[in-house]
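> Structure below; questions to follow.
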Amino acid sequence: MIASKQIAENYVETGRKKAELPVSHMLILGFFAGMFIALAGAGASVASAAMTNASASRIASALVFPSGLALVVCTGAELFTGNCLMTISALQKRISVGELFKNLLFVYLGNLIGAIFVAVLFVYGHIPDLYSGDLAQILLNTAVSKVSLTLPEVLCRAILCNVLVCIAVWAAMSSEQVSGKILALYPPVAIFILCGFEHCIANMFYIPTGLLIMREYGLTAEGLTMGSFLFNNLIPATIGNMIGGMLVIGGGYWLVYLRGTKNREIK
């Protein structure tokens, strides 16, 4: 097992390599990560849709959804929420603040395109027809519930969400074996699904899927619009995820393990 101090030191260089990726690679690898998270959300929804017991439904979702982050970690895809840990590299002066936000911006765009790509194929492939069409209504209800949260609720849930996602990425780095990485990342991601925390990239699938279902299936949902998607959920969830990943976990681990150590200056 790799100790946390070593993980922190390793991530300084990991963040530098991420920052040096060409923009085209950031977008493509971000697209893949967006797809993987969206597919995990789709699978979790299908797995839990027919369950009438709310607790059992959440457990089923929590068993499936971590596969998305497992695919991201094991394939080298670029996920916005996990890349918030690049704060460590910036604080160690291995990358500039500009390079940090450049990576986050283009990876975020790639994630968005990938997640919506899956949402479109999922809806127009008529996967929501499953369970006699009940899946369509359940997915629509999920989207409505997310845009109906208050701003403080979204922020709090998003902060906690990316604390867990970044801890999952951190834990995965404690092992050099694929099996160890998957086992390590599984519990934190399962917890965030069980608790209903807000993950901006997952919501790029869930809420557009609800919007597309309204169009394709002729269903209605009060309050679900593109505006409510952006302003009631996506923007505050993104801000909360950044706080949880960049300040709480990235900043916290830097303070514990790297503050005061010799910095290597940006070239």
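The values are calculated or read from the model by the stated rules, or taken from the named source; none is laboratory data. Worth saying up front: this structure is predicted, and the values here are computed from it rather than measured. Here Cβ is always computed from backbone atoms with ideal geometry, including for glycine, and neighbour counts include all displayed protein chains. Accessible surface is based on the protein model in full, side chains and every heavy atom, while ligands, DNA and RNA are left aside. Shrake-Rupley method; radii C 1.70, N 1.55, O 1.52, S 1.80 Å.
> Filter the range 123-159 for residues that are part of a loop (DSSP other than H, G, I, E, B) and of a type in the set (S, T, N, Q) and give the result.
Within the range 123-159, SER132, SER148, THR150 qualify.
> Let me ask something else. Among the candidates PHE192, PHE205, PHE197, single out the residue that is under 19 Å from LEU63 (Cα atoms) and part of a loop (DSSP other than H, G, I, E, B).
Step by step, each of PHE192, PHE205, PHE197 is checked, and only PHE197 is under 19 Å from LEU63 (Cα atoms) and part of a loop (DSSP other than H, G, I, E, B).
> Right, ASN162: in a helix (DSSP H, G or I) and closer than 26 Å to CYS74 by Cα or not?
So ASN162 fits the description; yes.
> What are the pairs with Cβ atoms under 7 angstrom where one residue, in the range 203-231, is modelled with pLDDT of 95 or more and the other, located anywhere, is among the basic types (Lys, Arg)? Sequence gap at least six, or different chains.
Here the result reads ASN203/LYS146; TYR206/LYS146; ILE207/LYS146, each pair linking the range 203-231 to a residue that is among the basic types (Lys, Arg).
> OK, next. Give me the pairs, please: first residue somewhere in the range 174-192 and within 18 Å of ALA3 (Cα to Cα), second residue anywhere and open to solvent by 70 Å² or more (accessible area, probe 1.4 Å), beta-carbon distance under 7 Å, and either six or more positions apart or on two chains.
Sorted first by the residue in the range 174-192, then by its partner, the pairs are SER174/MET1; SER175/MET1.
> Okay, next question. From the list THR142, THR150, exactly one residue is open to solvent by 50 Å² or more (accessible area, probe 1.4 Å) and on the phi < 0 side of the Ramachandran plot. Which is it?
THR150
> Report, by residue number, each residue of the range 77-107 that is open to solvent by 40 Å² or more (accessible area, probe 1.4 Å) and closer than 29 Å to VAL178 by Cβ.
Result: PHE106, single match.
> Could you list, in sequence order, the residues of the range 26-58 that are open to solvent by 50 Å² or more (accessible area, probe 1.4 Å), assigned to a helix (DSSP H, G or I) and free of Cβ contacts under 8 Å to residues at least 60 places away in the same chain?
ALA54, SER55, listed by residue number.
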